[in-house]
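Undergrad: One structure, pasted below without further comment.
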Amino acid sequence: MASNSKQTGNAAEIDRLALALAKEPGSKVFIPLAEEYGKASMWEEAAAVLEDGLKTNPGFITAMVALGRAYEQLNQSIKAKAILEEAIKLSPDNLRAHRILARLYRAQGAKEAAIRSCNVILAIHPRDQEALSLRAGLDALTHSEEGLVPTAGSTAQASQKKRRPVIVQLEQWLSSIQTRRQNPRASS
């Protein structure tokens with residue numbers, strides 16, 4: 001029941017913002033409209049609005065990052081990566097862009113690039129749990145691929161090697177739980 005009223009409120013807000021954008025096509029009202037589409041999981045609509053908005057407002061970092069997120073949600077990682085990399089060229093410290101890029105890079109196996117994005121986030125927010133967890137997992141993978149994690153020898157070494165990925169996974173779950181406790185709205 002509460003969900004239905006939320007959907008009705010979201011639809012009303014989308015209608016209001018779409019009307020405002022129709023009245024002033026060059027305005028930046030496309031950003032809140034795209035956000036509302038995103039809240040409703042209408043990512044194709046969000047991407048279309050952002051693409052149109054960027055035609056009249058090229059180089060608008062907030063819109064570029066929002067478009068990257070929409071592309072990520074649409075599983076269009078190549079487009080997402082391209083627009084987000086352009087965004088960080090214009091704004092190298094954009095945390096939201098680096099956060100999305102780190103996830104995209106990790107998914108594509110570009111560990112060094114993912115670590116670089118995590119490091120940008122951590123330089124500004126050293127205790128950022130998502131970035132710390134992601135970087136720890138990437139570091140563990142990098143070290144094991146470089147042979148820094150023992151691969152043979154005693155039973156204790158072999159056991160230690162098997163436990164590291166488990167520990168990383170547990171740290172990621174703990175981080176996720178802590179994030180949800182700190183921001184309950186983020187999990188819904």
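Undergrad: For residue 78 and residue 182, calculate 0.36 nm times their separation in residues minus their Cα-Cα distance, and state this gained length in nm to one decimal.
TA: Numbers: separation 104, 0.36 × 104 = 37.44 nm, distance 3.21 nm.
This chain segment gains 34.2 nm when fully extended.
Undergrad: Let me ask something else about it. How high is the relative contact order of the stretch 1-91, in percent, with contacts defined as C-alpha pairs under 8 Å that are six or more residues apart? Working shown, then result.
TA: Details: 86 pairs, mean separation 18.3, N = 91.
In percent, rounded to a whole number, it is 20.
Undergrad: From the phi of every residue in the stretch 109-123, what ³J(HN,Hα) in whole Hz does the Karplus formula 6.51 cos²θ - 1.76 cosθ + 1.60 yield, where θ is phi - 60° and glycine or proline is x?
TA: In residue order, the calculated couplings are x, 8, 4, 4, 5, 5, 5, 4, 5, 4, 5, 5, 4, 5, 5 Hz.
Undergrad: Points 7 angstrom from Cα along the Cβ direction at residue 13 and residue 85: gap in nanometres?
TA: Once both label points are built, they end up 3.4 nm from each other.
Read-outs throughout are calculated quantities, based only on the coordinates presented, and are distinct from any laboratory measurement. Keep in mind that what you see is a predicted model, and the values were worked out from it rather than measured. Neighbour counts are summed over all protein chains in view; Cβ atoms, including those assigned to glycine, are modelled from backbone coordinates with ideal geometry.
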